[in-house]
Amino acid sequence: DIVYLNGELLAKKDAKISVLDRGFLFADGIYEVIPVYNSTPFRLKQHLDRLSYCLKQLNIINPHSDIEWKNIIRTLIERNGGGHLSIYLQVTRGVSNDRNQVIDEVMTPTVMLLASPLLVNEESIETASATLLEDIRWQHCDIKSIALLGNIMLRNKAQQLGCDEAILHRDNLVTEGSTSNVFMVKFREVYTPPQNQLILGGITRDVIIELAEESGLKVHQENITVDDLLSADEVWISSSSREISPITQIDGKIIGSGQVGPVANVLHSEFQAFKKTLIN
Ligand code: PMP
């Protein structure tokens, strides 16, 4: 396991940061999770664009150009043996002079990347269960912040309830999952909440919208109420690590047929085919 830290490639156990790193003290940083199929990063440009957007929101200077990022990622993939990987990339504001919320004038961001095996089942779709929980997070969920306390509390509450994911709602409207975006199908049309500050603009979400539209499905990016979701024909969540994962039960209530629905099935196949066009 080789880790990238500030220009160096190190064994995981040797990669260390300062206690004055603002990422450690304040969770003052941004992250990305980039899936790699057959040694090829998937939708890398979109991940780098989102990284750039998020850094800008926090006034952290992007420490690398896209070409530099691509080279770092390529080297990390090679040094970790290639294949199917999940790249975790984190940029924090850097190491400060002391613990002070006010930011030092000159800061050098801390850059860390690690690679772990990507566990996706390409043969069949795996279903999951969810619980509906109130979205207790902040109002800038479009920023992929490493500050994840809200998500962690919600995801673990779901775990305690025996569910695979927490689907969140604010004022009776579905936002997203604690680690994913949410879609539903009603009368063979696809619905997903609009992209705004209350959700993360998922890279997988965009791919699914594109694939659905190319397949001739109508996609509505509009508000979904909790009742809409519970009475949907199909529900699925999406993320880089799970691709499309159908939700067949929410708080014990069976969604649709309780099986993988036809639309999820088609989009899962389209997704696999799309990946193959990019990596061969
Ligand atoms: N929303 C949240 C809160 C997430 O943590 C994730 C996964 N990082 C997503 C959505 C899905 O984003 P992506 O498809 O880019 O992985």
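Hey, does the stretch 2-24 have a residue that's on the phi < 0 side of the Ramachandran plot, among the hydrophobic types (A, V, I, L, M, F, W, C) and within 16 Å of the ligand (Cβ to nearest atom)?
Looking through the stretch 2-24, none of the residues is on the phi < 0 side of the Ramachandran plot, among the hydrophobic types (A, V, I, L, M, F, W, C) and within 16 Å of the ligand (Cβ to nearest atom).
Looking at this structure, is ALA147 surrounded by fewer than 18 Cβ atoms within 10 Å (Cβ to Cβ) and within 16 Å of the chain's Cα centre (by Cα)?
Yes.
Taking SER96 and the conditions (1) closer than 16 Å to ASP21 by Cα; (2) touching a Ser or Thr at 6+ places or on another chain (Cβ under 6 Å); (3) among the hydroxyl-bearing types (Ser, Thr, Tyr), which numbered condition does it fall short on, given that it satisfies the others?
Evaluating SER96 over (1) closer than 16 Å to ASP21 by Cα; (2) touching a Ser or Thr at 6+ places or on another chain (Cβ under 6 Å); (3) among the hydroxyl-bearing types (Ser, Thr, Tyr) leaves (2) as the failure.
State the number of residues belonging to the stretch 1-20 that are among the aliphatic types (A, V, I, L, M), in contact with a helix residue (DSSP H, G or I) (Cβ under 7 Å, 6 or more places away or on another chain) and assigned to a loop (DSSP other than H, G, I, E, B).
Looking only at that region, the number is 1.
Are there any strands (runs of 3 or more DSSP E) wholly within the stretch 169-280 with 3 or more residues that are surrounded by 17 or more Cβ atoms within 10 Å (Cβ to Cβ), within 13 Å of the ligand (Cβ to nearest atom) and of a type outside the set (Ser, Thr, Tyr), and if so which?
173-177, 181-186
Return the residue satisfying two criteria in turn: it lies in the stretch 102-133 and is loosely packed, with under 13 Cβ neighbours inside 10 Å and over 26 Å from SER52 (Cα atoms), and of such residues it is nearest to the chain's Cα centre (by Cα).
Only one residue fits best here, namely LEU119.
Determine the pairs where a residue that is in a strand (DSSP E or B), located within the stretch 88-105, has a partner that is of a type in the set (D, E, K, R) and at pLDDT 95 or above with Cβ atoms under 7 Å apart, the partner being 6 or more residues away or on another chain.
Correct list of pairs: LEU89/GLU32; THR92/ASP21; THR92/ARG22; THR92/ASP28; VAL95/ASP21.
When residues of the stretch 73-98 are filtered for being more than 23 Å from SER239 (Cα to Cα) and of a type in the set (A, V, I, L, M, F, W, C), how many remain?
The qualifying residues number 1.
Take the residues in the stretch 139-167 that are assigned to a loop (DSSP other than H, G, I, E, B) and over 16 Å from TYR31 (Cβ atoms), then tell me which one is farthest from the ligand (Cβ to nearest atom).
GLY162
The values are calculated or read from the model by the stated rules, or taken from the named source; none is laboratory data. Keep in mind the model is a prediction, meaning the values are calculated, not measured. Cβ coordinates were reconstructed from backbone atoms using ideal geometry, including for glycine residues, and neighbour counts include every protein chain displayed.
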